[in-house]
Amino acid sequence: MIKEHFGFIEGRLEDKFSFEAILVSVIIALIIPIFYYNNLQKEALIHWGSGLIIFGIILRILGKRDLGKQFSWKVKIVKRHKIVVTGIYKHIRHPLYLGLFLSWFGYTLVMRSLQGIICVIFLLLPALYYRIYVEEKALIKRFGSKYLYYKKRTIGMLPFIY
């Protein structure tokens, strides 16, 4: 069983670990392709990667816009917290995490770094899934069946996968 890494801090339910896990993964995903640049002669990788970076940034912009003042770098639930079910959140529960993953995956494609791709898949993706686990556990604890109903109607991050 996964140990809970969130608890009540000054009357708020807050995460204590997942942000740091994502930050370390992103830093490693940034550095590895620089040192392990594969000179693959695949121009399509650059085009696909650029497209993924742009799409990921758009998802993050839309997600932050829809969250408004509820956006936070830490997972935390406060009294005024509401479930956002409009905009991009009408279809995807975690567009910010999906956007982050797509952008970094795109970056590794642009850099044509197999080691970077492996890093994003095996470091960043698990860190994002852990963050989602923590966040959804907190939301279920706070909103109960309302959040479970929302969760049932939307995809988490990737269609057919989560």
Which numbered condition residue 1 misses (of (1) at pLDDT 80 or above; (2) assigned to a loop (DSSP other than H, G, I, E, B); (3) not β-branched (Val, Ile, Thr)): (1)
Residue in the range 154-161 that is among the polar types (S, T, N, Q) and surrounded by fewer than 21 Cβ atoms within 10 Å (Cβ to Cβ) present: yes
Matching residues in the range 77-99 - criterion: being closer than 16 Å to residue 140 by Cβ and either in contact with a Phe, Trp or Tyr (Cβ under 8 Å, 6 or more places away or on another chain) or free of Cβ contacts under 8 Å to residues at least 12 places away in the same chain (or both): 83, 85, 93
Every pair of residues 6+ apart whose Cβ atoms lie under 9 Å, when the first sits in the range 37-59 and is over 11 Å from residue 111 (Cα atoms) while the second is polar (S, T, N, Q) and modelled with pLDDT of 90 or more: 52/103; 53/103; 54/103; 55/103; 56/103; 57/103; 59/103
Those residues of the range 74-110 which are aromatic (Phe, Trp, Tyr) and under 23 Å from residue 148 (Cα atoms), in sequence order: 89, 97
Sole exception among (1) touching a Lys or Arg at 6+ places or on another chain (Cβ under 9 Å); (2) of a type outside the set (S, T, N, Q); (3) closer than 29 Å to residue 42 by Cβ for residue 150, by number: (3)
Residue satisfying all of: in the range 58-84; out of contact with any helix residue (DSSP H, G or I) (no Cβ under 6 Å at 6 or more places or on another chain) and part of a helix (DSSP H, G or I); surrounded by the fewest Cβ atoms within 10 Å (Cβ to Cβ) among these: 69
In the range 61-120, the residues that are on the phi > 0 side of the Ramachandran plot and among the small types (Gly, Ala, Ser): 68, 87
Count - residues of the range 103-119 that are more than 12 Å from the chain's Cα centre (by Cα) and in contact (Cβ under 8 Å) with a residue 60 or more places away in the chain: 11
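Test of understanding: among 10, 20, which residue is over 18 Å from residue 123 (Cα atoms) and modelled with pLDDT under 80?
Working: 20 fails: over 18 Å from residue 123 (Cα atoms).
Within the list 10, 20, the selection yields 10.
The values are calculated or read from the model by the stated rules, or taken from the named source; none is laboratory data. These numbers come from a predicted model, not from an experiment. Reconstructed Cβ throughout: ideal geometry from the backbone, glycine too, with neighbour counts over all protein chains shown.
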